[in-house]
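Remarks on the structure that follows.
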Amino acid sequence: MLMQNVALRLIDRIWRHRALMWASRICDRRGLRFSIYGDGWEQHPTLGGHARGRVSHGADLCTVYAASRLTLNVTAYGSLHQRVAECALSGGVPVELVTGTACRVAYFRLQHLLMTEHASLASEAADHPGHAEFPVDRLPEARRFAALQSLELGRPIHRAVVERGPLYPHPVWLLDVDEAIDLLELGFHDERSLEHLIDRSSDDRWRDEQIARVLSYVRARCTHSVLADQLLAHYADRAAAQTVAA
């Protein structure tokens with residue numbers, strides 16, 4: 001209760017204010033328009049000048065997403081959020097603050113792919129008991145795993161050392177979900193990396209490519225029909241396994 005109702009909410013607020021300060025400084029020195037929507041922001045001592053008041057859900061919010069070159073997603077829960085899908089469906093580009101939570105969700109997905117589809121290429125990681133090491137020069141998934149670790153830790157990581165533990169350590173994997181936002185393409189972790197994304201957003205071709213990628217994910221995984229199919233398949237597999245056991 002303390003973690004969910006106090007700690008994570010406080011972390012969310014700290015991260016959100018920090019990311020907004022980065023964006024504010026970047027836009028102020030570049031003469032760019034930066035807008036913060038919601039209640040009470042006009043009273044903020046340093047961000048108040050960017051406050052635009054409340055925007056209603058529906059057509060108004062869709063218009064804001066479409067008109068913005070980038071929309072910041074800053075949360076302790078990663079990009080598993082309906083607002084990310086709404087942003088892309090409206091023609092916007094969501095970018096995400098890189099956090100340990102967001103990276104772990106991506107790690108779990110890559111862990112599953114490596115341990116199930118490429119297990120024959122694994123070797124024992126001598127310096128990490130209970131971990132397998134995969135060749136980054138031969139496997140794109142291993143290179144991506146190492147790149148995500150580099151992004152999270154802020155230093156180069158040249159190895160893909162993967163824990164051999166449970167493949168799906170979180171109930172969310174019953175739905176076979178992944179991160180909607182590619183952290184290596186649309187992630188930022190400090191003011192400099194956010195400024196780089198703002199620079200890239202001026203390229204319409206790059207922007208269209210990012211919208212298309214997120215939309216592809218949303219349509220493949222985040223519709224009611226996909227959810228129903230996944231749930232039915234999951235319980236069908238469980239029923240079949242129980243029948244075989246019996």
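Readers should treat all values here as calculations from the given coordinates under stated rules, not as data from a laboratory. Computed from a prediction, not measured in an experiment: that's the story for all the values here. Reconstructed Cβ throughout: ideal geometry from the backbone, glycine too, with neighbour counts over all protein chains shown.
Apply the membrane-span-like helix rule to the chain: whole DSSP H runs, Cα extent along the own long axis of at least 18 Å, mean Kyte-Doolittle hydropathy at least -1.0. List the helices found.
Length and hydropathy pass: 8-30, 100-117, 140-153, 224-245.
What percentages make up the Cα-Cα pair-distance distribution of region 6-73 when the bins are 5 Å wide from 0?
Bins of 5 Å from zero give 3, 15, 23, 26, 21, 10, 2, 0 percent of pairs.
On alpha carbon coordinates alone, what is the Rg over Rh value for region 55-226, Rh being the Kirkwood radius?
Radius of gyration relative to Kirkwood radius: 1.00.
Run through region 1-108 and list the trypsin sites (Lys or Arg not before Pro) located in a DSSP loop whose Cβ has at most 13 other Cβ atoms within 10 Å.
Arg33, Arg54
Based solely on its DSSP helices, what 222 nm [θ] is calculated for the chain when runs of n ≥ 4 H residues each add -39,500 (n - 2.57) and the sum is averaged over all residues, nearest 500 deg cm²/dmol?
Taking each H run of at least 4 residues, the total per residue is -16500 deg cm²/dmol.
Regarding region 1-142, what's the average projected area of the Cα-atom convex hull, expressed in nm²?
12.9
Tell me the relative contact order for region 1-54 as a rounded percent, counting alpha carbon contacts under 8 Å between residues six or more apart.
26
Report, in debye and to the nearest 20, how large the dipole of the chain comes out about its Cα centre when Lys and Arg carry +1 and Asp and Glu carry -1 on their Cβ.
580
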